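Student: Below are the structure tokens for one structure; questions will follow.
The values are calculated or read from the model by the stated rules, or taken from the named source; none is laboratory data. Please read all numbers here as calculations on a predicted model, not as lab measurements. Positions of Cβ are generated from backbone atoms using ideal geometry, with glycine treated the same way; all protein chains shown enter the neighbour counts. Quick note on the areas: whole protein, heavy atoms, side chains included, nothing else; ligands and nucleic acids left out. Shrake-Rupley method; radii C 1.70, N 1.55, O 1.52, S 1.80 Å.
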There are 2 protein chains.
Amino acid sequence: MTNIAILGFGVVGSGIARVIETNEAEIRRLTSDTINVKYILDKREFPESPYKDRVVKDISVIISDPEVSIVCEAMGGVHPAYEFTMAAFMAGKSVITSNKELVANCGVELMHAARKHGVIYLFEASVGGGIPEIRSMRTSLAMDRMEKIDGIMNGTTNYILTRMKNGGVSFEEALKEAQSLGYAEANPSADVDGIDAQRKIMILSAIATNKLAEEAQVYAETMTKISSMDVDAASRSGHSVKLVGSFRKLEDGMTLYVCPRFVPLSDPLAHIEDVFNGIKVTCAMTGDVMYYGRGAGSYPTAAAMVSDITAIMTGCAKGELIMRWRHTEGEYVVPFEENSFSYYVRIKTDSVSDTDEKIHLVLGDAKKLEGAPLGYAEYITAEICEKDMRSAVDGGTLGEVESLIRVLD
Amino acid sequence: MTNIAILGFGVVGSGIARVIETNEAEIRRLTSDTINVKYILDKREFPESPYKDRVVKDISVIISDPEVSIVCEAMGGVHPAYEFTMAAFMAGKSVITSNKELVANCGVELMHAARKHGVIYLFEASVGGGIPEIRSMRTSLAMDRMEKIDGIMNGTTNYILTRMKNGGVSFEEALKEAQSLGYAEANPSADVDGIDAQRKIMILSAIATNKLAEEAQVYAETMTKISSMDVDAASRSGHSVKLVGSFRKLEDGMTLYVCPRFVPLSDPLAHIEDVFNGIKVTCAMTGDVMYYGRGAGSYPTAAAMVSDITAIMTGCAKGELIMRWRHTEGEYVVPFEENSFSYYVRIKTDSVSDTDEKIHLVLGDAKKLEGAPLGYAEYITAEICEKDMRSAVDGGTLGEVESLIRVLD
């Protein structure tokens with residue numbers, strides 16, 4: 001019997017207990033063992049729960065119990081999750097987390113401490129909810145060069161964009177729907193402004209490179225400015241609008257960013273709808289691999305955490321790529337402005353004379369889209385450096401640029 | 001240094017050597033070790049190859065060399081691959097294979113022998129080429145109940161169906177293209193008649209249930225009868241035509257089969273194009289997980305085999321779900337005829353009076369499709385048992401049924 005403690009008995013934490021109950025036979029088949037939830041740490045009482053007698057309010061009960069070998073942290077937030085995790089490591093306990101904020105901010109220190117104390121720190125559920133991409137990257141893809149990652153890693157914004165496309169509703173309406181369905185928070189900033197996806201692409205990039213970027217190095221652009229006109233232009237030009245977190249391995253560094261993209265319909269990411277997530281990893285020899293599934297929700301996220309528990313129990317986790325993360329130093333992270341993109345551009349025609357000529361003069365080759373709304377000209381440009389694009393837009397030579405969305409390569 | 005031998009130096013076998021060279025740094029990062037290709041078994045000489053001095057013609061050289069710990073079987077076919085694999089096990093060597101025919105036919109005996117001799121038998125590359133779905137199923141999803149698998153697992157037929165849809169060409173033309181591009185064999189039967197996909201769904205089902213079905217228990221329907229009219233009807237009704245291998249866990253058994261399907265566009269499988277493969281596994285708690293990538297090709301397939309080598313080297317393989325496959329007994333495999341499907345049906349209208357009435361009388365609820373070609377009526381039926389559908393068609397009460405394709409649920 002393996003004794004675990006669950007920190008935080010909310011949506012995810014209570015899901016862990018439920019998955020362990022429901023899948024007892026499968027867990028036994030895999031590990032020849034059972035999992036016992038010995039403690040639950042939470043400030044609240046759960047008088048109706050069959051686990052009510054296991055609730056404790058003091059972390060030291062868990063830390064000081066030598067029978068607990070694995071701690072499942074489902075609290076969220078950096079503090080006190082960080083301190084509790086470190087305390088568990090020092091007591092020789094392995095820790096599992098779904099906490100992307102913690103891993104993205106303190107991953108270097110946490111991975112180092114886990115190694116130092118000879119314990120394991122796993123974080124499958126921190127990116128892509130129930131999607132098992134992290135273990136797969138650390139076991140199967142790790143022998144290949146992971147050169148490129150593009151992910152739809154936020155279900156809330158993907159739901160909003162799907163509704164805008166298929167339901168013809170505005171961003172505001174779609175957001176309200178998402179809120180009433182419980183997909184979006186009252187304050188949706190972490191989702192719609194790309195902060196959630198930023199943390200996730202930081203984590204995946206660190207798996208690929210051993211270098212954990214700082215938030216300030218990772219450009220994140222809000223998707224709140226996406227309009228129905230953008231969604232329509234995407235359809236007309238063979239694209240879907242998606243909020244994509246991207247990583248590119250460069251010669252001597254990397255670049256990573258989150259922004260709305262025109263995703264070509266030939267890319268499987270273009271067809272990921274509703275709250276589903278998709279993470280595409282491009283490797284030197286294996287080519288494209290995409291993982292698809294539920295990026296959130298109690299049971300999928302909890303199942304990913306239980307898969308981390310069983311990976312420790314079977315010994316599989318010890319065979320995963322060891323995480324020797326370091327902070328990025330010097331010029332390892334190439335600034336966003338130095339990347340090149342092809343852009344979708346929408347310009348108000350009355351704001352500029354000779355739009356076509358200006359476009360070609362400033363941006364070189366560009367394809368004009370058919371069917372633009374009255375009063376607008378729309379283009380898909382050739383590849384151009386972000387810095388140059390910005391100065392062209394800011395300099396006003398293109399007239400009033402109402403929309404500028406990068407095309408996914 | 002880990003010494004390996006490669007059996008068969010064709011497209012896949014030579015790819016293994018190339019992946020090991022190219023990814024030396026990544027392999028070292030993952031395993032803290034290097035891989036040395038000590039022997040290559042092949043009847044041919046390779047005077048131009050840097051590996052020419054390692055070619056042997058006698059398997060016993062490899063089997064009797066205690067320095068070789070892992071044998072990579074990339075020969076294909078059941079014999080002598082089976083005998084060579086068994087000999088390697090008996091000599092204490094682990095074996096890796098891309099040979100789906102061998103695993104689907106002799107998996108029970110091979111898994112048993114590997115366990116008996118305390119060695120490891122891995123077969124990631126046997127299904128889905130470079131897609132790492134097998135290790136992911138055996139590590140991450142194994143703690144959940146795998147209830148349903150649907151896979152596009154044959155790149156050749158998916159290329160043909162994609163060309164029929166996007167290029168508007170006939171099956172015959174698309175097949176010729178596939179042959180000239182090297183995707184299809186001169187005799188394409190194993191691909192187009194679903195035999196390749198049949199083996200693959202047998203393997204995935206055995207991972208989920210520990211029961212390896214026999215070929216005779218697994219219905220496989222050719223996709224050579226798919227016409228442009230079918231492809232067009234699929235588009236009109238919000239579907240793509242795909243050749244899908246399916247597994248369903250039932251109360252006390254399972255059912256598995258391969259046939260062309262109308263896949264709803266809301267399903268990510270509908271958007272898998274060209275030679276790419278996609279495998280969707282539905283679990284009780286995790287929900288849908290789909291794996292996407294290159295289902296064939298030298299480097300992707302070889303990379304999957306190298307990931308099996310490194311999984312043995314790191315110890316990860318020892319933590320994977322142990323394969324205790326058995327032959328299916330009694331009524332464990334439910335016959336195909338007992339499954340229920342919704343069907344796309346195309347009927348020649350001059351072959352029957354009152355088509356609509358007959359349809360409703362015989363099949364119950366059915367949705368008539370708009371835009372059917374002149375002289376035809378088209379329907380998507382409600383769920384009906386395969387047995388009943390067959391007797392309706394064979395009994396002639398529906399008139400001349402020109403096409404009957406099951407809809408994916």
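Student: Mind checking the alpha-carbon convex hull of the range B:39-81 and giving the volume per residue in Å³? Don't skip to the end; give the middle numbers.
Tutor: On the way: hull volume 3.8 nm³, N = 43.
Each residue corresponds to 88 Å³ of Cα convex hull volume.
Student: Ordering A:Ser60, B:Ser237, B:Ser64, B:Ser307 from largest to smallest accessible area (1.4 angstrom probe), what's the sequence?
Tutor: B:Ser64, A:Ser60, B:Ser237, B:Ser307
Student: What percent of all Cα-Cα pairs in chain B falls into each 20 Å bin, going from 0 up to the bin containing the maximum distance?
Tutor: The calculated distribution, bin by bin, is 26, 52, 19, 3.
Student: Counting only the heavy atoms of the protein chains, how much of A:Glu83 is accessible to a 1.4 Å probe, in Å² to the nearest 10?
Tutor: 90 Å²
Student: Further, regarding this structure: Only Cα pairs under 8 Å and at least 6 apart count here; give the relative contact order of the range B:312-401 as a rounded whole percent.
Tutor: RCO, the range B:312-401: 35 percent.
Student: One quarter of the convex hull surface, Cα atoms only: what value does that give for the range A:67-179 in nm²?
Tutor: 9.6 nm²
Student: If you roll a 1.4 Å probe over the range B:60-115 with all protein chains in place, what percent of the accessible area is carbon or sulfur?
Tutor: 59 percent
Student: Next up: To the nearest 0.05, how large is the calculated FRET efficiency for A:Asp65 and B:Asp58 if R₀ is 60 Å and r is the Cβ-Cβ distance?
Tutor: For R0 = 60 Å, the calculated efficiency reads 0.50.
Student: Further, regarding this structure: Between A:Lys43 and A:Arg29, how many nm apart are label points set 7 Å from Cα along the C-beta direction?
Tutor: About 4.2 nm separates the two model spin labels.
Student: Among A:Glu251, A:Glu273, A:Glu67, determine the one that fluctuates most according to a GNM of chain A built with springs between C-alpha atoms less than 10 Å apart.
Tutor: Evaluated over chain A, the most mobile residue of the options is A:Glu251.
Student: What aspartates and glutamates does B:Lys57 reach when the alpha-carbon gap must be under 17 Å and sequence neighbours fewer than 8 apart in one chain are set aside?
Tutor: B:Asp42, B:Glu45, B:Asp65, B:Glu73, B:Glu83
Student: Within the range B:27-93, which trypsin sites (Lys or Arg not before Pro) sit in a loop by DSSP and count at most 13 neighbouring Cβ atoms inside 10 Å?
Tutor: On the way: sites: B:Arg28, B:Arg29, B:Lys38, B:Lys43, B:Arg44, B:Lys52, B:Arg54, B:Lys57, B:Lys93; in loops: B:Lys43, B:Arg44, B:Lys57, B:Lys93.
Within the range B:27-93, the qualifying trypsin sites (Lys or Arg not before Pro) (loop, at most 13 other Cβ atoms within 10 Å) are B:Lys43, B:Arg44, B:Lys57.
Student: Also, quick follow-up: Quick one: which residues, 5 or more positions from B:Val56 or on another chain, have an amide H under 5 Å from its amide H? H modelled 1.01 Å from N in the peptide plane, none for Pro or chain starts.
Tutor: Residues meeting the amide H criterion: B:Ile40, B:Leu41, B:Asp42.
Student: Still on this structure, I have one more. Angle check, please: helix B:195-209 long axis (alpha carbons) against the longest principal axis of chain B (alpha carbons), in degrees 0 to 90, nearest 10.
Tutor: So the helix axis and the longest Cα principal axis differ by about 80 degrees.
Student: OK, next. Could you check which residue among B:Val119, B:Val127, B:Val289 shows the biggest mean-square fluctuation in a GNM of chain B with a 10 Å Cα cutoff?
Tutor: For chain B, modelled as a Gaussian network with Cα springs under 10 Å, the answer is B:Val289.
Student: What angle do you read, to the nearest 10 degrees and between 0 and 90, between the alpha-carbon axis of helix A:100-116 and the longest principal axis of chain A?
Tutor: The answer is roughly 50 degrees.
Student: So, one more: Within 13 Å, Cβ to Cβ, of B:Gly396, how many net charges do the neighbouring residues add up to if Lys/Arg are +1 and Asp/Glu are -1?
Tutor: Here the charged neighbours net out to +1.
Student: Just want to confirm a number: the relative contact order over the range B:258-379, from Cα pairs under 8 angstrom separated by 6+ residues, in percent.
Tutor: Values: 75 pairs, mean separation 16.8, N = 122.
That works out to 14 percent.
Student: Got the relative contact order for chain B handy, in percent, Cα pairs under 8 Å and 6 or more residues apart? Present the calculation step by step, with values, prior to reporting the outcome.
Tutor: Details: 844 pairs, mean separation 71.0, N = 409.
Once divided by the residue count of chain B, the mean separation gives 17 percent.
Student: Give me the angle, in degrees from 0 to 90, between the Cα long axis of helix B:171-180 and the longest principal axis of the Cα atoms of chain B, rounded to the nearest 10.
Tutor: 20 degrees
Student: A further question on this structure: How large is ³J(HN,Hα) for each residue in the range B:53-58, as worked out from phi by the Karplus curve 6.51 cos²θ - 1.76 cosθ + 1.60 (θ = phi - 60°), to whole Hz, x for Gly and Pro?
Tutor: 6, 9, 6, 10, 10, 10
Student: Comparing the chain by itself with all protein chains present, which residues of the range A:7-31 are at least 50 Å² less accessible (probe 1.4 Å)?
Tutor: A:Asn23, A:Glu26, A:Arg29, A:Leu30
Student: At 1.4 Å probe size, with the rest of the protein present, what percent of the exposed accessible area of the range A:203-259 is carbon and sulfur atoms?
Tutor: C and S atoms contribute 47 percent here.
Student: For the range A:145-186, what % of the accessible area comes from carbon and sulfur atoms, probe 1.4 Å?
Tutor: Of all accessible area on the range A:145-186, carbon and sulfur atoms account for 44 percent.
Student: Follow-up question, since we're still on this one. Percentage of Cα-Cα pair distances in the range A:12-62 greater than 13 Å, rounded to whole percent?
Tutor: 62 percent
Student: Which residues, if any, in the range B:304-349 lose at least 20 square angstrom of accessible heavy-atom surface (probe 1.4 Å) when the other protein chains sit next to their chain rather than the chain being alone?
Tutor: Hits at the 20 Å² cut-off: B:Ser307, B:Thr314, B:Cys316, B:Gly319, B:Leu321.
Student: Follow-up. Taking chain B as a Gaussian network, Cα atoms linked when under 10 Å apart, which of B:Arg261, B:Arg18, B:Arg248 shows the biggest mean-square fluctuation?
Tutor: Answer for the Gaussian network model of chain B: B:Arg18.
Student: On to the next question. How do A:Thr162, A:Thr34 stack up against each other in accessible area, from largest to smallest, with a 1.4 angstrom probe?
Tutor: If we order A:Thr162, A:Thr34 from most to least accessible, we get A:Thr34, A:Thr162.
Student: While we're on this one: In the range A:345-409, which GluC sites (Glu not before Pro) are in a loop and have at most 11 other Cβ atoms within 10 Å, using DSSP for the loop call?
Tutor: Qualifying residues, ordered by number: A:Glu370.
Student: What's the whole-number percent of alpha carbon pairs in the protein assembly as shown lying beyond 48 angstrom? Could you put the intermediate results ahead of the total?
Tutor: Details: 73854 of 334153 pairs.
Above the 48 Å cut-off, the protein assembly as shown has 22 percent of its Cα pairs.
Student: Right, here's the next one. With viscosity set to 1.567 mPa s and temperature to 4 °C, compute the Stokes-Einstein D of the range B:202-289, Rh being the Kirkwood radius across alpha carbon pairs; µm²/s, no decimals.
Tutor: Roughly 89 µm²/s, to the nearest whole number.
Student: Compute the accessible area per residue over the protein assembly as shown, keeping the other protein chains in place, probe 1.4 Å, unit Å².
Tutor: 37 Å²
Student: Given a 1.4 Å probe and no ligands, DNA or RNA in the count, how much accessible surface is buried by A and B, both sides, to the nearest 100 Å²?
Tutor: Values: alone 17460 and 17410 Å², together 30630 Å².
Summing both sides, the interface buries roughly 4200 Å².
Student: In whole Å, largest first, what are the principal axis extents of the Cα atoms in the range A:269-365?
Tutor: 68, 39, 26
Student: One decimal, nm, shortest first: give the distances between the label point of A:Lys52 and those of the same position in the other copies, each label point 7 Å from Cα along Cα→Cβ.
Tutor: Here A:Lys52 shows inter-copy label distances of 8.1 nm.
Student: Something else: Which value does Rg/Rh take for the range A:192-239 over its C-alpha atoms, Rh per Kirkwood?
Tutor: 1.16
Student: Shifting gears a bit: Need the C-alpha centroid separation for the range A:179-234 versus the range A:48-111, integer Å.
Tutor: Result: 26 Å between the Cα centres.
Student: Do any trypsin sites (Lys or Arg not before Pro) in the range A:310-344 lie in a DSSP loop with no more than 13 other beta carbon atoms within 10 Å, and if so, which?
Tutor: A:Arg324
Student: Let me ask something additional. So, counting K/R as plus one and D/E as minus one, what does the shell of residues with Cβ under 13 Å around A:Met164 add up to?
Tutor: Value of the local net charge: -2.
Student: With the crude spin-label approximation of a point 7 Å out along Cα→Cβ, what separation in nm comes out for B:Asn36 versus B:Asp394?
Tutor: It works out to 6.3 nm between the two label points.
Student: Shortest first and in nm to one decimal, what separations exist between A:Ala186 and its copies in the other chains, measuring from label points 7 Å along the Cα-to-beta-carbon line?
Tutor: For A:Ala186, the other copies' label points sit at 7.4 nm, shortest first.
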